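The values are calculated or read from the model by the stated rules, or taken from the named source; none is laboratory data. Because the structure is a prediction, the values reported are computed rather than measured. Reconstructed Cβ throughout: ideal geometry from the backbone, glycine too, with neighbour counts over all protein chains shown. When the accessible area is computed, the model is the full protein with side chains, heavy atoms only, and any ligands, DNA or RNA have been set aside. Shrake-Rupley method; radii C 1.70, N 1.55, O 1.52, S 1.80 Å.
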Amino acid sequence: ACWSVCPRRHIGSSPSRLHGCMSAWVIDQYGTNGVLKYTEEVPVPTVSSPSEVMIKVHAASLNPLDTSMRGGYGAKLLKLRRDPMSVMDSDSEFPLILGRDVSGVVVDCGSEVTHVVPGDEVWAAVPPWKQGSLAEFVTLTEYEVSHKPKSLSHTEAASIPYVANTALSALVNAGGLCRDSSSNKRVLITGGSGGVGTFSIQLLKAWGAHVTVTCSQNAEGLVRGLGADEVVDYTAGDSLEQLEMMERFDVILDNVGGETEQWAMGLLKPWSGAKYVTLVTPLLLNTDSLGLLDGMFQAGFSLQCKAIQNIMSTGVFYRWGFYAPDGPALDEVSKLVDAGKILPVVEAQFPFTQVPQAFQKLENGHARGKTVVRVA
Ligand code: NDP
């Protein structure tokens with residue numbers, strides 16, 4: 001639903017605050033960093049259904065999707081997902097709150113919520129069709145929320161949920177891997193030094209897989225420290241030759257896209273159920289440029305053509321991976337974190353007053369883990 005300017009501006013003690021207004025970074029239009037606006041006049045997102053959980057945000061983190069959404073990426077499909085009736089009218093999706101990760105404390109629960117109670121420390125990945133975490137409060141469904149690892153601060157915890165839900169969805173649902181089936185698997189992760197990559201390396205090592213990573217030369221120490229078995233510097237002239245000399249892979253998780261998929265398919269074991277999963281898909285770009293129906297048709301057609309071509313020629317599966325909200329999956333990640341098997345990789349931290357600077361950091365590229373915003 002769209003939020004208008006707050007009608008009740010009662011900032012004060014916490015009970016009245018739960019029904020008043022909150023501070024947030026919003027956008028009222030798509031564009032560059034200048035569209036990010038700080039306001040204290042956003043209505044607090046109170047619990048409005050029995051399964052909802054309202055969280056006081058302590059920390060949020062940024063993902064490439066935030067800078068893309070700020071510029072209008074995915075606007076058409078996400079608007080439809082937010083409000084299916086909006087396709088028929090011209091209702092605005094603004095003001096939008098960005099920020100896909102939250103670590104915080106539960107302040108209110110719907111009547112059917114059983115998994116968490118007010119006062120619990122939780123973490124979650126906020127779906128892109130919901131109002132985000134660059135705000136004092138966020139409201140999610142119980143299914144999306146999980147208990148935060150006890151061993152992490154909120155700042156550390158906020159670096160994990162969105163990349164964890166994405167990596168798990170890609171590796172498990174699309175890549176066919178799981179905790180009990182990975183010990184004899186060889187996995188290649190392209191773009192291993194970023195948010196998804198640094199999490200995926202650690203998850204796969206916790207599951208016993210053999211992990212090869214591509215990254216820049218100056219990220220080699222980071223990814224080896226997280227457990228990568230083999231590291232290939234993609235900026236060196238002979239990176240493809242190096243990869244071709246290696247034993248073939250069972251799964252490739254592609255965080256880079258573009259030309260990568262042309263050469264990566266040849267690195268998979270033929271006729272043995274091997275899978276290529278890319279996180280860089282044209283679905284939202286297509287719906288933005290061609291409209292909802294034509295865009296989805298074009299994306300589906302291109303996916304099917306590539307899938308058929310690859311399965312017929314070499315017996316490898318070509319798949320697209322997507323973030324999917326999944327609180328129970330985060331419960332499992334929480335256990336791995338508290339067992340010391342997954343570490344947060346926080347590259348940069350910004351106070352809530354410096355959200356535009358945090359976006360700028362992300363836009364400069366060359367991430368080495370995550371950029372976190374301290375909200376409370
Ligand atoms: P990040 O920006 O955190 O990381 C990208 C990393 O890739 C950086 O460390 C960068 O470092 C490195 N890199 C860039 N070019 C190459 C290359 N050619 N070879 C190897 N490494 C390279 O992104 P995320 O990890 O958060 O996400 C990865 C991709 O997945 C993004 O494109 C993102 O939009 C997408 N994504 C898609 C989702 C979905 O639902 N489909 C969900 C989440 C993410 P350097 O440039 O210094 O080498």
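Kindly check whether there is at least one residue in region 267-281 that is part of a helix (DSSP H, G or I) and in contact with a Lys or Arg (Cβ under 8 Å, 6 or more places away or on another chain).
yes
Please go through region 49-68 and pick out each residue that is surrounded by 22 or more Cβ atoms within 10 Å (Cβ to Cβ) and either over 30 Å from residue 199 (Cα atoms) or within 16 Å of the ligand (Cβ to nearest atom) (or both).
The answer is 60, 61, 62, 63, 66.
Determine whether residue 208 is surrounded by 17 or more Cβ atoms within 10 Å (Cβ to Cβ), out of contact with any Phe, Trp or Tyr (no Cβ under 7 Å at 6 or more places or on another chain) and touching a residue at least 24 places away in the same chain (Cβ under 8 Å).
no
Here are some conditions: (1) in contact (Cβ under 8 Å) with a residue 24 or more places away in the chain; (2) away from the ligand (no atom under 12 Å from the Cβ); (3) hydroxyl-bearing (Ser, Thr, Tyr); (4) open to solvent by less than 40 Å² (accessible area, probe 1.4 Å). Residue 181 meets all but one. Which one does it not meet?
Condition not satisfied by residue 181: (1).
Say we look at region 313-327 and pick out the residues that are open to solvent by 50 Å² or more (accessible area, probe 1.4 Å) and in a strand (DSSP E or B); which of these is farthest from the ligand (Cβ to nearest atom)?
Checked region 313-327; the qualifying residue farthest from the ligand (Cβ to nearest atom) is 317.
For region 230-263, name all the residues that are outside any strand (DSSP E or B), open to solvent by less than 30 Å² (accessible area, probe 1.4 Å) and closer than 22 Å to residue 178 by Cα.
The answer is 250, and nothing else.
What residue, of 362, 336, is out of contact with any Pro (no Cβ under 8 Å at 6 or more places or on another chain) and not basic (Lys, Arg)?
When all the criteria are applied, what remains is 336.
Checking the structure you have, find out if any residue of region 116-125 is farther than 20 Å from residue 337 by Cβ, touching a residue at least 12 places away in the same chain (Cβ under 8 Å) and open to solvent by 30 Å² or more (accessible area, probe 1.4 Å).
Yes, the conditions are met somewhere in region 116-125.
Which one is farthest from the chain's Cα centre (by Cα) among residues in region 283-312 that are of a type outside the set (A, V, I, L, M) and surrounded by 16 or more Cβ atoms within 10 Å (Cβ to Cβ)?
310
Return the pair list, or none, for Cβ contacts closer than 9 Å from residues in region 158-174 that are within 18 Å of residue 274 (Cβ to Cβ) and at pLDDT below 95 to residues that are open to solvent by 10 Å² or more (accessible area, probe 1.4 Å) and more than 11 Å from the ligand (Cβ to nearest atom), at least 6 apart or on different chains.
Partner pairs satisfying both residue conditions: none exist.
Any idea which of 227, 195 is over 21 Å from the mean Cα position of the chain (by Cα), open to solvent by less than 30 Å² (accessible area, probe 1.4 Å) and either away from the ligand (no atom under 16 Å from the Cβ) or at pLDDT 95 or above (or both)?
The match here is 227.
When only residues in region 158-178 that are crowded, with 24+ Cβ neighbours inside 10 Å and of a type in the set (Val, Ile, Thr) count, which is farthest from the ligand (Cβ to nearest atom)?
160
Report whether or not residue 190 is crowded, with 24+ Cβ neighbours inside 10 Å, over 19 Å from residue 371 (Cα atoms), of a type in the set (S, T, N, Q) and within 11 Å of the ligand (Cβ to nearest atom).
Criteria met by residue 190.
Which of the residues spanning region 346-370 are within 14 Å of the ligand (Cβ to nearest atom), open to solvent by 40 Å² or more (accessible area, probe 1.4 Å) and assigned to a strand (DSSP E or B)?
346, 347
Inspect all residues belonging to region 46-67 and state whether any of them is over 29 Å from residue 147 (Cα atoms) and either of a type outside the set (A, V, I, L, M) or without any contact (Cβ under 8 Å) to a residue 60 or more places away in the chain (or both).
No, region 46-67 has no match at all.
Go through (1) at pLDDT below 95; (2) within 14 Å of the ligand (Cβ to nearest atom) one by one and return the number of the condition residue 242 breaks.
Here residue 242 clears every test but (1).
Which residue is farthest from the ligand (Cβ to nearest atom), if the candidates are limited to region 278-294 and must be touching a residue at least 60 places away in the same chain (Cβ under 8 Å) and of a type outside the set (Ser, Thr, Tyr)?
For region 278-294, the residue satisfying everything is 291.
In this structure, is residue 331 modelled with pLDDT of 95 or more, in a helix (DSSP H, G or I) and surrounded by fewer than 20 Cβ atoms within 10 Å (Cβ to Cβ)?
Here the answer is yes, as residue 331 does meet what is asked.
Pick from region 1-48 the residues that are at pLDDT 95 or above and of a type in the set (Phe, Trp, Tyr): which of them is most open to solvent (accessible area, probe 1.4 Å)?
38
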